[in-house]
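Please read the structure below before turning to the comments.
The values are calculated or read from the model by the stated rules, or taken from the named source; none is laboratory data. Remember, predicted model here, so these are calculated numbers, not experimental data. Positions of Cβ are generated from backbone atoms using ideal geometry, with glycine treated the same way; all protein chains shown enter the neighbour counts.
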Amino acid sequence: MTLNRRQFTQGATAIAAASALPLARAADTVKIGYVSPQTGPLAPFGEADRWVIEQMKTAFKDGLAIGGKKHDVQIILKDSQSNPNRAGEVANDLILKDKVALMLTAGTPETANPVSDACELNGVPCVSSVVPWQPWFFGRKGDPAKGFEWTYHVFWGLEDVIANFTNGWKSVQTNKKVGGLFPNDGDGNAWGDKELGFPKPLASMGFTLTDPGRFQNGTQDFSAQIAAFKKDDIQIVTGVVIPPDAKTFLTQARQQGFKPKVVTLGKALLFPGAIEALGDLGDGLTTEVWWSPSHPFTSSLTKQNAKALAAAYESGTKRQWTQPIGFAHALFEVAADTLKRAKSLKASDVRDAVAATNLATVVGPVKWGGQGPFKNVSKTPLVLGQWVKGTTRKYDLVIVNNLAATQIPTGGTMKLM
């Protein structure tokens, strides 16, 4: 059979049109991995992640232009189960099976460190958060002269938490005797470290520290620590413990007649659920505040300010706002900004775009190479908060000291328990 020129042209046009239709619709897909503790004792750190990811599905519904080409965005959330080994396993799955272009991770060294290590080993760009930078950097054997090649971190450091805790303690009357609760984990070993952690700066400010030694997470008996604190007339208790351990310690302290004037704990006292679980023991406890509705920052992605983002979470989940919302959201701000600027989806191009980030986010400015101690660390501001009985909720977290970050307004002054 022979085709004349007109039939051939019509046929060719029809074939071209038919093949163009699916091509016009089917963009390539870029995959972003996200690892956080959804279950286990660290689950409060990941509580807001699913809500944030639903929000991101709306933000990314039209896709992203990467290297001049439109891409659909797929976000793959994996649960570290609060276990470092599990965190490493799911990170390897995301890298090797799902072939993610960019990894995001948050929620204590037990999740962020193994995920970052997997990315560094496999040459995959990674942005991590919600770990003070010392346990993230030195906990992974980081060399200050070299830094890391593939892994970047955004959060505050131990110097910031020490400044905030002590700023608060100096604002009230105590005997300046401090008892430390430092568990045998990534955070506890960093916070209790004689050089990097609390001991040296506390001594230089005239505080005396009683450190009864490391204990295992999930311990059921704090009698030895309480006895040591009573013996040394401790009026301030500090440290970095998981929420169940804070409840065990505070309950046993009351039973054994130990009544400190100040309790300022990292990690355990961050979340409204953990404070409510303490009942009246929660009143007056103090903790670091990394993000709140009163932080004066706005999302580069959704244009919501911190107050609007917290309000959207509360109306969408019927739960009280929680600090990790801001950082989960900001990680996706960084991811979107990075991918838009990347020359291509080649790992090195994405990594170079991460390194060149200079972005105003809902947690503050993010910029590597100039806003932190090393090229892989970008620092964010930190203030001190106190839990007080609420009017519409059981407890509200009020910012009571902002000497370390005056751009964030206070809502009250620190009071003794």
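Below is a table of values for the structure above.
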| read-out | value |
| --- | --- |
| Qualifying positions in region 384-414 - in a strand (DSSP E or B) and either under 12 Å from Asn164 (Cβ atoms) or touching a helix residue (DSSP H, G or I) at 6+ places or on another chain (Cβ under 8 Å) (or both) | Leu384, Gly385, Gln386, Trp387, Tyr395, Leu397, Ile399, Val400, Asn401 |
| Checklist (1) at negative phi; (2) in a strand (DSSP E or B) applied to Thr219, failing item | (2) |
| Leading residue by the ranking (farthest from Trp169 (Cα to Cα)) among those in region 273-294 that are of a type in the set (Val, Ile, Thr) and in a strand (DSSP E or B) | Val289 |
| Failed item in (1) farther than 26 Å from Tyr152 by Cα; (2) assigned by TED's automatic domain parsing to the domain that holds Lys31; (3) touching a strand residue (DSSP E or B) at 6+ places or on another chain (Cβ under 8 Å), with Gly316 passing the rest | (3) |
| Conditions (1) buried (at least 24 other Cβ atoms within 10 Å of the Cβ); (2) part of a helix (DSSP H, G or I): number failed by Val127 | (2) |
| Which numbered condition Pro244 fails, given (1) in a loop (DSSP other than H, G, I, E, B); (2) not assigned by TED's automatic domain parsing to the domain that holds His71 | (1) |
| Only one of Lys231, Lys194 that is farther than 23 Å from Gly385 by Cα and at pLDDT below 95 | Lys194 |
| Region 340-383, residues that are assigned to a loop (DSSP other than H, G, I, E, B) and under 20 Å from Leu196 (Cα atoms) | Gln371, Gly372, Pro373, Phe374, Lys375, Asn376, Lys379, Thr380, Pro381, Leu382 |
| Close pairs from region 248-259: first over 13 Å from Ile234 (Cβ atoms), partner part of a loop (DSSP other than H, G, I, E, B) and of a type outside the set (Ser, Thr, Tyr), Cβ under 7 Å, at least 6 apart | Thr248/Gln220; Thr248/Phe222; Leu250/Leu278; Gln252/Phe222 |
| Where Thr251 falls short, out of the listed (1) at pLDDT 95 or above; (2) surrounded by fewer than 16 Cβ atoms within 10 Å (Cβ to Cβ); (3) farther than 24 Å from Leu158 by Cβ; (4) under 24 Å from the mean Cα position of the chain (by Cα) | (4) |
| Contacts under 6 angstrom Cβ, first residue in region 37-50 being aromatic (Phe, Trp, Tyr), partner buried (at least 21 other Cβ atoms within 10 Å of the Cβ) and at pLDDT 95 or above, 6 or more apart | Phe45/Pro37; Phe45/Pro324 |
| Ile66 being more than 17 Å from Leu331 (Cβ to Cβ), in the same structural domain as Val362 (by TED's automatic domain parsing), of a type in the set (A, V, I, L, M, F, W, C) and in contact (Cβ under 8 Å) with a residue 24 or more places away in the chain | yes |
| Selection status of Ala355, at pLDDT 95 or above and either surrounded by fewer than 21 Cβ atoms within 10 Å (Cβ to Cβ) or assigned by TED's automatic domain parsing to the domain that holds Leu285 (or both) | yes |
| Residue in region 247-256 that is outside any helix (DSSP H, G or I), polar (S, T, N, Q) and in the same structural domain as Gly218 (by TED's automatic domain parsing) present | yes |
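To keep it simple, each residue is scored yes or no on (1) farther than 26 Å from Phe271 by Cβ; (2) outside any helix (DSSP H, G or I); (3) in contact with a helix residue (DSSP H, G or I) (Cβ under 8 Å, 6 or more places away or on another chain).
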residue	(1), (2), (3)
Arg50	no, no, no
Ala65	yes, yes, yes
Gln74	yes, yes, no
Ser82	no, yes, yes
Thr105	no, yes, yes
Val131	no, yes, yes
Gln134	no, no, yes
Asp143	yes, yes, no
Lys146	yes, yes, no
